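**Q** I have a structure I would like to understand better, so I am pasting it below and will then ask my questions one at a time.
The values are calculated or read from the model by the stated rules, or taken from the named source; none is laboratory data. Keep in mind it's a predicted model, so treat the numbers as computed, not measured. FYI the Cβ positions are ideal-geometry reconstructions off the backbone, even for glycines, and counts take in every protein chain you see.
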Amino acid sequence: TQRVFSGVQPTGNLHLGNYLGAISKFVTMQHDYESIFCVVDLHAITVPQDPAKLKAQTREVAAAYLAAGIDPEKSIIFQQSAVSAHAELAWILGCIARIGWLNRMTQFKDKAGKDKEKASVGLYTYPVLMAADILAYKATHVPVGEDQKQHLELARDIAAKFNNDMNAENFFPLPEPMIQGPATRVMSLRDGTAKMSKSDPSDLSRITFTDDADAIAKKFKKAKSDPDPLPTEKEGLEGRPEAKNLVGIYAALAGTDVETVLSEFGGQGFGALKPKLAELAVEKLSPLSAEMRRLMDDPSHIDSILTNGAERAEAIAAPILKDVKDIMGFRPRG
Ligand code: ATP
Ligand code: MG
């Protein structure tokens, strides 16, 4: 079977990049695949989290999934820490993966900061847990933003090495990354060379799910740009990261491509593009944030969806984990 797995961390500040790069893709893919969407709280604690906030932020990601249009009857929505197979399989896969492979991961280098010795062991082994998330369900397709491409490749390498080392040919399918469209890497509105991120200290760097129309307009107005008019051809965006970013966001929000956007705005300045961009973003995000607020008013409803999702997720992962333990040679508990 073709199965989708993906996740979002409950680290607050859900933003336009999460929507365009990931969540909006989940919504369309759920119609074509058996889909599992996770709130990855075990990943969130690779950097310190306030326990009370973590709980609220977990419900917030679930609410965002629902508000964006994921159908909890059809797809599975659940919380990672509620299904122990993730952590168990991560241990086993950690004994398959090589230290040299993890040493090449650029996200660790970016997130660990200057003093790598002070980063948590969990931040370092994060990609192994991510491989476990996917492989615990034998997922075949993983919709993610560009920033997760390297981790996906690692998950494929781990799956292949497991199959090979354990003489378990084709046991784990090699998961396909699904990274498509004009906004797979939305950049910060303050710096066209940095990814838009939940953890960026500047609120002006991102459009969030809870921004109102005024905030969205203000943030696009203040967004970094350059003095030249927009080009008429796609090639003209090279070397202009801010222009490329804003045009890409526009294309994704309008459901079109970069060429079409440039045929409309080419030759004009950012003063023409930015207000239209704000208008489009408000059109997309305001119903979403209104629905999220409505859902957040009833945490027990969200909790019942997460509980039901965890049961369904567990039912898929448990037999796969059992097979893995058998392949490893662990004596069954009986
Ligand atoms: P953090 O800063 O805490 O890592 P994040 O913004 O990177 O937060 P994640 O929860 O790590 O968000 O990622 C959730 C999903 O959103 C992943 O599929 C990731 O690839 C995607 N994503 C994150 N940022 C962007 C972005 N700027 N553009 C496109 N997709 C993104
Ligand atoms: Mg991230």
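**Q** Is it fair to say Tyr126 is of a type in the set (Ser, Thr, Tyr), within 14 Å of ligand 1 (Cβ to nearest atom), modelled with pLDDT of 95 or more and within 21 Å of Ala22 (Cβ to Cβ)? Step through it out loud before you land on a result.
**A** Values: of a type in the set (Ser, Thr, Tyr): yes; within 14 Å of ligand 1 (Cβ to nearest atom): yes; modelled with pLDDT of 95 or more: yes; within 21 Å of Ala22 (Cβ to Cβ): yes.
When the stated conditions are applied, Tyr126 passes them.
**Q** Could you count how many residues in segment 1-15 are over 20 Å from Ile134 (Cα atoms) and either away from ligand 2 (no atom under 14 Å from the Cβ) or of a type in the set (Asp, Glu) (or both)?
**A** Within segment 1-15, residues that are over 20 Å from Ile134 (Cα atoms) and either away from ligand 2 (no atom under 14 Å from the Cβ) or of a type in the set (Asp, Glu) (or both) number 0.
**Q** A follow-up question, please. Any idea which residue in segment 139-160 is nearest to ligand 1 (Cβ to nearest atom), counting only those that are among the charged types (D, E, K, R) and in contact with a helix residue (DSSP H, G or I) (Cβ under 9 Å, 6 or more places away or on another chain)?
**A** Going through segment 139-160, the residues among the charged types (D, E, K, R) turn out to be 146-147, 149, 153, 156-157.
Okay, now just the ones that are also in contact with a helix residue (DSSP H, G or I) (Cβ under 9 Å, 6 or more places away or on another chain), so 146-147, 156-157.
Numbers: Glu146: 6, Asp147: 5, Arg156: 16, Asp157: 19 Å.
Once the filter is applied, the top-ranked residue is Asp147.
**Q** Are any residues in segment 205-231 among the hydrophobic types (A, V, I, L, M, F, W, C) and surrounded by 15 or more Cβ atoms within 10 Å (Cβ to Cβ), and if so, which ones?
**A** Listed by number, the residues that qualify are Ile207, Phe209, Ala215, Ile216, Ala217, Phe220, Ala223, Leu230.
**Q** On to the next question. Tally the residues that are modelled with pLDDT of 95 or more and away from ligand 2 (no atom under 14 Å from the Cβ), restricting the search to segment 101-115.
**A** Qualifying residue count, segment 101-115: 4.
**Q** Among Asp214, Asp228, which is the only one that is charged (D, E, K, R) and either assigned to a helix (DSSP H, G or I) or in the same structural domain as Glu60 (by TED's automatic domain parsing) (or both)? First the steps, then the outcome.
**A** Details: Asp228 fails: either assigned to a helix (DSSP H, G or I) or in the same structural domain as Glu60 (by TED's automatic domain parsing) (or both).
Residue meeting the stated conditions: Asp214.
**Q** May I pose another question? Residues of segment 235-268 being of a type in the set (D, E, K, R) and touching a Pro at 6+ places or on another chain (Cβ under 7 Å), which ones? Lay out the reasoning, then the answer.
**A** The first filter runs over segment 235-268 and keeps only residues of a type in the set (D, E, K, R), leaving 235, 238, 240, 242, 244, 257, 259, 264.
If the condition is that a residue be of a type in the set (D, E, K, R) and touching a Pro at 6+ places or on another chain (Cβ under 7 Å), then Asp257 is the only one that fits.
**Q** Output the helices (runs of 4 or more DSSP H) that fall wholly within segment 100-205 and possess 2 or more residues being charged (D, E, K, R), or say none.
**A** So the answer is 106-112, 149-165.
**Q** Looking at segment 50-107 only, could you name the residues that are aromatic (Phe, Trp, Tyr) and within 21 Å of His301 (Cα to Cα)? Show your work before the answer.
**A** Start the filter on segment 50-107 by keeping residues that are aromatic (Phe, Trp, Tyr), which leaves 65, 78, 91, 101.
Tyr65, Phe78, listed by residue number.
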